[in-house]
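Before any comments, here is the structure.
A short reminder: the numbers here are calculations on the coordinates, not readings from a lab. These figures come from a predicted structure and were not determined experimentally. Glycine gets a Cβ as well: all are built from the backbone with ideal geometry, and neighbour counts include every protein chain shown.
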C-alpha cells in the first residue's frame, strides 16, 4: 500500500570514506523510522534480511547512517532535475526533447516554450513514495507516544517479567504530600486490581507483538 504526501524531508549523508551521498528524501519523519528500529531490535519474529544483523547496532544513528541499512532502506530514489542539458536521448514517455536555436528571437522562444508546456505538462501534484520500505499509514495517523508505550509495556512484561499489576503501579503518579501512607496502600491495591487497567496492559503487549509481526512483513506499524 502506498500513501501520498505533498512534501518530503531531504537529507545528504556521508559515506564512510567521507564522500557525500546524493541528496534524497523521506516522506515520513525520521522519528517514525527510529521507532521502527527499536521495535525491530526487540522482535522475536525476525526482520527483513535487508535490515542487517541488528545485534551489531546498539545505536539507531549508527544503523541509520550505515551505507547499506537505515536511511538507504527508506529513502526515495534520487530525482533528476526537471530540466537538463543533455547529449544523449532518453527513451521515456514522460520526457520530451526539444531543439532550441539559442540565437533565435528570445520572445518567440519563450512564447513557443510556454505553449509547449501548456500542451504537454502532465499533472503531478501528488508525490507517491517509491522507497523500498514504507510505513503502513500516512504520517498524520502514526502517533509516536502510543508506540513508545506499547514498546515499553512489552519490555516490562516479556523481557523484565513484570506482572501486569507491577506495570500499573509503576505508571502511577507520585504520592501527593497530603495522602497518608495507609491511603496510598489502598490506592495502589485498587489500581493493581482494576480489571480494565489489567486488560489494557494485555492489549498493549498484543499490539506490540502485532507491530513486530508487521515488521517481519516489511512494514510498520
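DSSP beta bridges fully contained in the chain are about 75 percent antiparallel.
Taking label positions 7 Å along the Cα-Cβ direction at both residue 181 and residue 29, the computed distance is 4.5 nm, reported to one decimal. In terms of surrounding Cβ atoms within a 10 Å radius of their Cβ, 89, 215, 155 rank from fewest to most as 89, 155, 215.
Taking other Cβ atoms within 10 Å as a rough exposure proxy, 141, 149, 164 sort from fewest to most as 141, 149, 164.
Translational diffusion of segment 87-205, estimated by Stokes-Einstein from the Kirkwood radius over alpha carbon pairs at 4 °C in a medium of 1.567 mPa s, is 61 µm² per second.
Of the residues 150, 133, the one with the fewest other Cβ atoms within 10 Å heads the list, and the complete ranking is 133, 150. Full extension of the chain between residue 196 and residue 169 gives 8.3 nm of extra length, using 0.36 nm per residue less the Cα-Cα distance.
Expressed as an acute angle from 0 to 90° and rounded to the nearest 10, what is the orientation of the C-alpha long axis of helix 195-217 relative to the principal long axis of the chain? Approximately 30 degrees, to the nearest 10.
Multiplying each eigenvalue of the alpha-carbon gyration tensor of the chain by 5 and taking the square root yields semi-axes of 53, 20, 15 Å, largest first, rounded to whole angstroms. Protection proxy ranking for 104-110, 201-207, using the average of other Cβ atoms within 10 Å per residue and placing the highest first: 201-207, 104-110.
Roughly what angle does helix 30-42 make with the longest principal axis of the chain, taking Cα atoms, 0 to 90 degrees, to the nearest 10? That helix lies at roughly 50 degrees to the long axis.
Using only the alpha-carbon atoms, how far is helix 106-120 inclined from the longest principal axis of the chain? Give it as 0 to 90 degrees, nearest 10. Compared with the principal axis, the helix lies near 50 degrees. Semi-axes of the equivalent ellipsoid of segment 164-221 are 34, 11, 6 Å, computed as sqrt(5λ) over the eigenvalues of the C-alpha gyration tensor in descending order. Summed over qualifying helices (DSSP H, 4 residues or more, each -39500 (n - 2.57)) and divided by its residue number, the chain shows a 222 nm mean residue ellipticity of -13000 deg cm²/dmol.
Could you work out which residue, out of 160, 111, 13, moves most in a Gaussian network model of the chain, that is, has the largest mean-square fluctuation with Cα springs under 10 Å? Top of the fluctuation ranking is 111.
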